[in-house]
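Heads up: the structure comes next, in structure tokens.
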């Protein structure tokens, strides 16, 4: 279909706003507590399990209970491990291991989050946008633009090493779901996991020390992007 002279279709990109002020540079509020290790087995669920010794309740980081981690009945991209954190929390990082002392681990995965446990959103990692003098992207006083992308997370290269990823931006949710997308070529899907953060109310009480997520929209209009702040 041919283009119509003098017209264009604006494209909307959702971005987060990262503060670079003193509070961000020296944030004294510690929102980095383990959220999973003390949960009861009933807080864990999964798409399937290979046996009762491989159930999701054994998926805590650094634990050797049962067979040493969660393992689904089949190793395919339809499997998932889900955690009910008990209440809405601020999640700032996640970490994974494979099954203890095995050849079973996940090499990449997607992260989903939800408040209800029914409606899920895929976590989107942020990529920084150049702020060179000739960049068309604006900065807002002490704020920087970051593009949110639906990338997965690199996982493990062995069974017992811990791979941790900081969530930028963090998320507020009660439920987390890990979806393996690739795994050990000589083994199966095997996971032990942890999430880190703090109670959601803690973040609200420590503003501006603890940052809230805010977003900007970039409207690509005839090669001249324009940024505007919108509520999260």
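What follows is calculated from the coordinates using simple rules that are stated; it is not laboratory data. This structure is a prediction, so every number in the text was calculated from the model and none was measured. No Cβ is skipped: glycine too gets one built from the backbone with ideal geometry, and neighbour counts run over all protein chains shown.
Quick notes on this structure:
- Distance between modelled label sites at residue 103 and residue 76, nm, 7 Å Cα→Cβ extension: 2.3
- Neighbour-count order for 87, 33, 49, fewest beta carbons within 10 angstrom listed first: 87, 33, 49
- Approximating the spin labels as points 7 Å out from Cα along Cα→Cβ, the residue 182-to-residue 32 distance works out to 2.9 nm.
- Fully extended contour minus Cα-Cα distance, from residue 62 to residue 201, at 0.36 nm per residue: 47.2 nm
- Two-site label geometry, residue 118 and residue 157: point separation in nm, points 7 Å out along Cα→Cβ: 4.4
- Here the scattering of the range 49-94 is modelled by Debye summation over its C-alpha atoms, one equal scatterer each and no solvent; at q = 0.33 Å⁻¹ the log10 of I(q)/I(0) is -1.15.
- Take each peptide in 56-63, 153-160, count the other Cβ atoms within 10 Å of every residue, and average; sorted highest first, the result is 56-63, 153-160.
- Each of 200, 123 has some number of other Cβ atoms within 10 Å of its Cβ, and from fewest to most they run 200, 123.
- Among 51, 103, sorting on how many other beta-carbon atoms sit within 10 Å of each Cβ, with the fewest leading, yields 51, 103.
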